[in-house]
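Everything below concerns the one structure shown next.
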Amino acid sequence: MASADERPGESRVRPGTQALTLLSGPLNYSVLKALEDGPRPLVDLHRAVGSPPQTTMRVYLKRLVEMTAVERIRQSDFPGAVEYELTKAGENLMVVADILQHWLQQAGDGPISLGTTGSRSAVKALVDGWSTNLVRALAARPLALAELNRFIPISSYPTLERRLGAMNRAGLVEPHRTGGGRGTPYKVTDWLRRAIAPFTAAVGWEHRHVPHRAGPIGRSDVEATFLLIVPTLELSPEVNGHARLAVELRNAKETKYAGVSVQVQDGRVTSCVSRLEGEADAWVNGTALGWFRWVNRGIKDAVEVGGDFELAHGLADGIHSALIQADPI
């Protein structure tokens, strides 16, 4: 997997966002569903997805072909006739869709069905919040809009305000009442924390099937993932200590690390911060792909594990349970 260490003002395609955006489009999802039972001639496929305007249909099909999810086949026995077929990448994308659907069904205001305008709005709010680093900032602690504006210089105040508002309406963040201070701090919801499952699956799909288009994994992606998921872990009461979880970020010039330091007391995570300095009772280092293999598939040599075995593997088992549906395919 490609990786990158991004700067605060750098704009780039973020990992997982393309696959999630693709699936959130109602017509895209309808086309993929219609092709699950086998290839369809264009005329039949057009009818099966509700007969949208031909120009709209062509645009969406072109995008699905570019993302390798669908293949366009010209029929030799009928000159000019075309049919479309789901590829292996398309079949795997539907696995990601199932994971995304499971997450949407857990929405705080009631289940949302994939392929609806509601799912499109929720996924857009999630993707925009991730791409703007709002998710990363709020995963660390509750923040008000003015504080977010200082921490995220790449986006204008009105842009942050719109995206934070969209995340609030979608149920991804909520006001954090503190009884003082200027502005209203917002905190991430449990539903946003569970969004790591579809995001992880989407990242895995992109890096396997469209690596030339996949966004590189950067520091904020790693930190946001750990900061969202680790505080939710339920470990054995016998697990105690300080652990360091790190992911290698490689580029052409150097290798850096991003991750978190975790304090566990009697099986409960009492602290999770994006800092890797200092001593640790246990540590786990590896590439993003190595973490995928270790957590989801139990491949023990995919990462370097040291120190307190029970602490390190307790955290890995907890992350596996949280991401049990998010195998990178």
Exercise. What are the residues in segment 264-280 that are surrounded by fewer than 16 Cβ atoms within 10 Å (Cβ to Cβ) and either acidic (Asp, Glu) or closer than 23 Å to LEU192 by Cβ (or both), if any?
Worked result: ASP266, ARG268, THR270, SER271, VAL273, ARG275, GLU277, GLU279
For this session: Might you let me know whether segment 181-199 holds any residue that is of a type in the set (Phe, Trp, Tyr) and at pLDDT 95 or above?
Result: yes
For this session: Can you give me the number of residues within segment 67-91 that are more than 20 Å from ARG120 (Cα to Cα) and at pLDDT 95 or above?
Result: 10
Exercise. For VAL127, all conditions in the list (1) at pLDDT 95 or above; (2) out of contact with any strand residue (DSSP E or B) (no Cβ under 7 Å at 6 or more places or on another chain); (3) crowded, with 17+ Cβ neighbours inside 10 Å; (4) farther than 30 Å from ALA89 by Cα hold save one; what is the number of the exception?
Worked result: (4)
Exercise. Any idea which residue in segment 237-261 is surrounded by the fewest Cβ atoms within 10 Å (Cβ to Cβ), counting only those that are touching a helix residue (DSSP H, G or I) at 6+ places or on another chain (Cβ under 6 Å) and farther than 15 Å from CYS272 by Cα?
Worked result: VAL239
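Residue by residue, here is whether (1) hydroxyl-bearing (Ser, Thr, Tyr); (2) touching a residue at least 24 places away in the same chain (Cβ under 8 Å); (3) closer than 27 Å to ALA69 by Cα; (4) crowded, with 20+ Cβ neighbours inside 10 Å holds:
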residue: SER121; (1), (2), (3), (4): yes, yes, yes, no
residue: LEU138; (1), (2), (3), (4): no, yes, no, yes
residue: GLU174; (1), (2), (3), (4): no, no, no, no
residue: ASP190; (1), (2), (3), (4): no, yes, no, no
residue: ARG194; (1), (2), (3), (4): no, yes, yes, no
residue: HIS207; (1), (2), (3), (4): no, yes, yes, yes
residue: HIS212; (1), (2), (3), (4): no, no, yes, no
residue: ILE217; (1), (2), (3), (4): no, yes, yes, yes
Seminar exercise, completed: Restricted to segment 277-302 and to residues being in contact (Cβ under 8 Å) with a residue 12 or more places away in the chain and touching a Lys or Arg at 6+ places or on another chain (Cβ under 6 Å), the residue farthest from VAL203 (Cα to Cα) is ALA280
Exercise. In segment 303-312, which residues are in contact (Cβ under 8 Å) with a residue 24 or more places away in the chain and over 24 Å from the mean Cα position of the chain (by Cα)?
Worked result: GLY306, GLY307, ASP308, PHE309, GLU310, LEU311
Seminar exercise, completed: Picked from segment 103-124 (must be hydrophobic (A, V, I, L, M, F, W, C) and part of a loop (DSSP other than H, G, I, E, B)), the residue farthest from VAL49 (Cα to Cα) is ALA107
Seminar exercise, completed: Those residues of segment 9-23 which are hydroxyl-bearing (Ser, Thr, Tyr) and assigned to a helix (DSSP H, G or I) amount to THR17, THR21
For this session: Could you tell me whether ALA322 is under 22 Å from LEU20 (Cβ atoms) and either free of Cβ contacts under 8 Å to residues at least 12 places away in the same chain or crowded, with 18+ Cβ neighbours inside 10 Å (or both)?
Result: yes
Exercise. If you go through segment 246-256 one residue at a time, do you hit one that is hydroxyl-bearing (Ser, Thr, Tyr) and modelled with pLDDT of 90 or more?
Worked result: no
Exercise. Applying the selection to segment 85-102, what residues are in contact with a Leu (Cβ under 8 Å, 6 or more places away or on another chain) and either under 14 Å from GLY16 (Cβ atoms) or in a helix (DSSP H, G or I) (or both)?
Worked result: GLY90, LEU93, MET94, VAL96, ALA97, LEU100, GLN101
Seminar exercise, completed: Residues of segment 153-172 being outside any helix (DSSP H, G or I) and either closer than 30 Å to GLU66 by Cβ or of a type outside the set (S, T, N, Q) (or both), in sequence order, are PRO153, ILE154, SER155, GLY171, LEU172
Exercise. Tally time: how many residues in segment 150-172 are under 20 Å from VAL127 (Cβ atoms) and either in contact (Cβ under 8 Å) with a residue 40 or more places away in the chain or out of contact with any Leu (no Cβ under 9 Å at 6 or more places or on another chain) (or both)?
Worked result: 14
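The values are calculated or read from the model by the stated rules, or taken from the named source; none is laboratory data. Quantities reported herein were computed from a predicted structural model and do not represent experimental measurements. FYI the Cβ positions are ideal-geometry reconstructions off the backbone, even for glycines, and counts take in every protein chain you see.
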